[in-house]
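What follows is a set of notes on a single structure, which appears directly below.
The values are calculated or read from the model by the stated rules, or taken from the named source; none is laboratory data. Just so it is clear, the model here is predicted, and its values are computed rather than measured. Every residue, glycine among them, receives a Cβ derived from its backbone with ideal geometry; neighbour counts consider all protein chains shown. SASA here: full protein model, heavy atoms, side chains in, ligands and nucleic acids out. Shrake-Rupley method; radii C 1.70, N 1.55, O 1.52, S 1.80 Å.
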Amino acid sequence: APHSQIAVASRSQRRAMSLTASSSVTSTATAVKFTRRRLRLASGLVLFAYLASHLANHAAGLISLEAAEAGRLAFLGFWRSLPASAALYAAFVVHIGLALVSLYERRTLRMPPAELVRLALGFAIPVLLAGHFTGTRVAWQLYGRDDPYARVVWVLWSGDYGLQQLALICVAWAHGCL
């Protein structure tokens, strides 16, 4: 009888240790998932703030070209500052990185339609953005080329880029709202 009590005690101790270990793993997995969700939200909010302020700048163009140019100077004064640029680029890298990690960790590509749409829209943004980013930010950063509002609008709407930028705005806004 004493031997069976020791066996029972050791079994219950093993179960307690197992529960502690599994809850530790579960809590770690939950913490990682929670951290990823918070990082995705934070990075998404930075990107959405950029998008919203960029669109507000375009909305100033409804008032006048001078208002759009004044808005552009304020917009660029903020977003081309070192802290804002660092936050924007970090948000971009983190947001895309988390999306790639989430795809990599999936056991199957079967997903709810809303998630598929969100991912497809999100991965379309860099493709649609590349030309505009190169013609404005990269040209300014590497060559010191200013990008006055009138020139950017002329370039966008004199070629085939206007519809691409309209698609970019719609895709980015829809992704941000999902």
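Return the Cα extents of segment 32-136 along principal axes one, two and three, sorted largest first, each rounded to a whole Å.
Here the spans come out as 53, 27, 22 Å, largest first.
Percentage of Cα-Cα pair distances in the chain greater than 24 Å, rounded to whole percent?
53
Could you please state how large a percent of the accessible area of the chain is carbon and sulfur, counting protein chains only and using a 1.4 Å probe?
70
Label points 7 Å out from Cα along the Cβ direction at residue 101 and residue 42: separation in nm?
The two pseudo-label positions are separated by 1.2 nm.
Determine the calculated [θ] at 222 nm for the chain from helices alone, applying -39500 (n - 2.57) to every DSSP H run no shorter than 4 residues and normalising by the residue count; nearest 500 deg cm²/dmol.
That comes out to -29500 deg cm²/dmol.
Determine the gain in length on full extension of the stretch residue 63-residue 114; use 0.36 nm per residue of separation and subtract their C-alpha separation, reporting nm with one decimal.
14.7 nm
Between residue 85 and residue 154, 0.36 nm times their residue separation minus their Cα-Cα distance comes to what?
This chain segment gains 22.3 nm when fully extended.
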